[in-house]
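Nothing in this text is a laboratory measurement; each read-out follows from the coordinates by a stated rule. For clarity, every value in this text was computed on a predicted model and none was experimentally measured. So basically every Cβ, Gly included, is an ideal-geometry build from the backbone, and we count neighbours across all protein chains shown.
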Amino acid sequence: MIRHEAAHGSSWLIRFDRRPQTSDNDRMPDRARKRLQKRAKRGLRGYPVATVALYGRDDTRATKLTVGIVPGKDADVTDLRRWFSEGTDIRNDAGVAEEVLAFIDAAGARSIVMTDRIIGCPHEEGIDYDGPTCPACPFWAGRDRWTGKRLQ
């Protein structure tokens, strides 16, 4: 901390932040993710509800993020958007995080329900593959998608 004397006799302080510096772009995914998590923690505040889910070839890297808007109780999803990222974990993409928040805000969602983990394969049965298990994602074969544990 440095004390500086102003020309007219008063003093003011300058504080130096000694923490490691990161750029705003490095902090942006954290900010957007924290905003999503904070809104999700508030619980049900009314409808419409935004549902946020993560998918990946295994449980370590999310390559797909989906957001569905449920307009009312016992209603089906009316608007569904998907974001994909093949090279990196989509949770670390600042642009996607901001787009997700903008989509949720534009839909007028009063509540957000969000998974706390990757819940399954990013491929869709009947669209990307036929049969009960995805041949491109053997990790999820025989697993409970909500816990990630092997089924007996």
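Points to keep in mind about this one:
- Considering only residues in segment 117-144 that are within 22 Å of VAL77 (Cβ to Cβ) and in contact with a strand residue (DSSP E or B) (Cβ under 9 Å, 6 or more places away or on another chain), the one that is surrounded by the most Cβ atoms within 10 Å (Cβ to Cβ) turns out to be ILE118.
- Scanning segment 112-148 for residues that are assigned to a loop (DSSP other than H, G, I, E, B) and more than 22 Å from the chain's Cα centre (by Cα) returns GLY126, ILE127, ASP128, ASP130, GLY131, PRO132, THR133, CYS134, PRO135, ALA136, ALA141, GLY142.
- Yes/no for THR78 being over 13 Å from the mean Cα position of the chain (by Cα), under 22 Å from THR133 (Cβ atoms), among the polar types (S, T, N, Q) and surrounded by fewer than 17 Cβ atoms within 10 Å (Cβ to Cβ): no
- Matching residues in segment 81-111 - criterion: being in a loop (DSSP other than H, G, I, E, B) and surrounded by 13 or more Cβ atoms within 10 Å (Cβ to Cβ): SER85, ASP89, ASP93, ALA107, ALA109, ARG110
- When each of ARG35, ARG42 is tested for being surrounded by 14 or more Cβ atoms within 10 Å (Cβ to Cβ), touching a residue at least 12 places away in the same chain (Cβ under 8 Å) and basic (Lys, Arg), the lone residue that passes is ARG35.
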